[in-house]
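Accompanying notes for the structure given below.
The values are calculated or read from the model by the stated rules, or taken from the named source; none is laboratory data. What you are looking at is a predicted structure, and each value in this text was computed from that prediction instead of being measured. Counting neighbours? That spans all protein chains shown, and the Cβs are built from the backbone with ideal geometry, glycine included.
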């Protein structure tokens, strides 16, 4: 007994398969190429955009640096002008103070020479003409100036020493300071030698808390015939 057997015969077409594979390869190649070109296009576009943005940022940075340099230059000019103004003011202030000091000295000189060429009935002999005190730069420190004169016919040179005491109050009690206690050089007296007039100067420092009220000056000439002299000045009158 025989069974029916069905046989299916498939005919193969080698050329069609090769064509299909070729077309598939072409499509794949085109797809790859297209993707590559698209990527390159996008990359080129992005590089162009990035380059353009970079150029814009560089231009903005250059503009800001230029503005910054301009502002720095203006600040430098203003600082220089301010420094010039400050120096000019300081110079004017120094000149003004120097002029005031010079005017004060001239007034003192005028008063001194006015005393020398004063009336004919002035006291003859050795005299304490004037005494002046001027504040120094440091606290309780003063510069003093004593002017002595001698009048009379046939005047001879006189020499000797001058002593000074400053009377005042400290801690509510009266106190008197000798020259050697306050003189910057520690002198006990000032030497003099002149024929018509002489100026004696020095610097003194008063103790803290001491309130000066008056200055007592004495002259002790050497030799015979020239009497000693004493004169008291109020501190309020001599201080300047």
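Yes or no: residue 210 farther than 26 Å from residue 104 by Cα, outside the structural domain of residue 101 (by TED's automatic domain parsing) and surrounded by 15 or more Cβ atoms within 10 Å (Cβ to Cβ)? Judged against the criteria, residue 210 is a match.
Quick one: is residue 51 at pLDDT below 80 and assigned to a helix (DSSP H, G or I)? Taking the combined requirement at face value, the residue satisfies it. May I ask you to verify whether residue 162 is at pLDDT 95 or above, in a strand (DSSP E or B), farther than 17 Å from residue 235 by Cα and in contact with a strand residue (DSSP E or B) (Cβ under 8 Å, 6 or more places away or on another chain)? Yes.
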